[in-house]
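Novice: Before anything else, here's the structure in question.
The values are calculated or read from the model by the stated rules, or taken from the named source; none is laboratory data. Keep in mind it's a predicted model, so treat the numbers as computed, not measured. Neighbour counts run over all protein chains shown; Cβ positions are idealised from the backbone, glycine included. Remember, those area values only see protein heavy atoms, side chains included, never the ligands or the DNA or RNA. Shrake-Rupley method; radii C 1.70, N 1.55, O 1.52, S 1.80 Å.
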Amino acid sequence: MKTAIMTDTNSSLTVKDGQRFGIFVMPMPVIIDDICCCEGRDITYEDLWKAFEEEKDVHTSMPSTGDLMDEWNRILNEEGYDEVVYIPMSSGLSGGCWAAAAASAEFDGRVHVVDNHRISYTLMNSVFDALELANNGKRGAEIKAELEKDAFLSSIYITVNSVRYLVKSGRVTPAAANIANILHLKPVLQIQGDKLDAFAKAHGMNAACDKMIAAIRKDIDTRFSGVPMERLSIGTAGTLRTDTERESWRRRIEESFPGSHVMYRPLSCSIACHVGTDAVGTAVSIVNYDQDKLYI
């Protein structure tokens with residue numbers, strides 16, 4: 001049985017990354033002034049930053065059901081796979097997972113949609129776990145069951161430089177945003193298995209980063225107590241605009257957790273639409289794949 005692993009760019013994986021690892025990656029749509037662009041094909045980060053600066057109307061959408069079904073048909077009929085395991089972003093953050101699950105009913109059990117309750121860096125880890133399972137001969141239904149069993153073994157923390165885009169997406173009220181701006185407060189948000197929730201507030205980005213590091217350390221000491229470091233994946237992500245900023249954030253996390261193998265992954269354009277520029281995040285999850293083997 002030949003099993004294809006598929007995700008979307010909200011997994012922190014680009015289409016090019018997918019080609020490198022043998023993973024099918026669906027570009028997420030970003031809509032700028034009513035023009036639909038596909039991430040990595042019609043829009044770059046620089047294009048998105050420019051749209052922000054020019055105060056264009058920027059929002060996101062989920063992949064159309066038709067595009068998904070076309071891709072599944074292509075994988076099954078042209079690429080020669082027997083089945084597809086599709087791992088989209090959490091159903092708690094988008095309706096795309098439910099729409100995909102409904103569409104998969106047309107494929108007579110050959111398409112397995114995983115509700116992994118993850119996004120970004122932790123979703124990437126699930127995709128690599130799925131690839132490892134497929135390479136070891138596991139069938140699609142088994143991979144789906146395994147990923148959903150381990151779905152909540154992860155944490156994400158993120159802080160934003162501006163609450164403007166959270167207001168636009170309805171995550172923060174305008175009144176709360178005004179107070180945050182006046183008091184120079186930065187919100188720290190968390191995802192532990194499903195929705196984006198408030199976690200803490202901090203005076204300035206540096207203090208917010210300290211709170212995220214402390215939260216990851218607490219998770220390792222409590223939720224993941226006894227898990228060997230080689231099975232913990234600690235990573236960083238963000239919408240930082242220079243290599244210097246990205247490396248500085250990555251090193252800060254790596255130095256906070258000696259022995260960890262930390263990488264930085266840009267947040268997808270569709271996530272950036274909700275958090276704006278200069279947002280930073282960190283995450284931890286339990287993984288089963290060889291991190292050295294699949295290091296990006």
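Novice: Can we say Lys50 is among the basic types (Lys, Arg), outside any helix (DSSP H, G or I) and under 16 Å from His274 (Cα atoms)?
Specialist: no
Novice: Which ones in the range 280-296 are modelled with pLDDT of 95 or more and either over 26 Å from Ala134 (Cβ atoms) or surrounded by fewer than 19 Cβ atoms within 10 Å (Cβ to Cβ) (or both)?
Specialist: Val280, Gly281, Thr282
Novice: Let me ask you something else. Can we say Ile213 is open to solvent by 10 Å² or more (accessible area, probe 1.4 Å), in contact with a Ser or Thr (Cβ under 6 Å, 6 or more places away or on another chain) and either more than 23 Å from Met89 (Cα to Cα) or modelled with pLDDT of 95 or more (or both)?
Specialist: Taking the combined requirement at face value, the residue satisfies it.
Novice: Do we have any residue at all in the range 187-204 that's open to solvent by less than 20 Å² (accessible area, probe 1.4 Å) and either part of a helix (DSSP H, G or I) or at pLDDT 95 or above (or both)?
Specialist: No, the conditions are met nowhere in the range 187-204.
Novice: Going through Gly259, Gly276 one at a time, which residue ends up being on the phi > 0 side of the Ramachandran plot and crowded, with 18+ Cβ neighbours inside 10 Å?
Specialist: Gly276
Novice: Go through the range 41-50 and count every residue that is surrounded by 20 or more Cβ atoms within 10 Å (Cβ to Cβ) and either over 20 Å from the mean Cα position of the chain (by Cα) or within 20 Å of Thr65 (Cα to Cα) (or both).
Specialist: 0
Novice: Kindly indicate which of Thr277, Thr282, Thr239 is among the hydroxyl-bearing types (Ser, Thr, Tyr), farther than 19 Å from Asn125 by Cβ and under 13 Å from the mean Cα position of the chain (by Cα).
Specialist: Thr239
Novice: Something else about it: Count, please, the residues in the range 241-274 that happen to be assigned to a loop (DSSP other than H, G, I, E, B) and of a type in the set (A, V, I, L, M).
Specialist: 3
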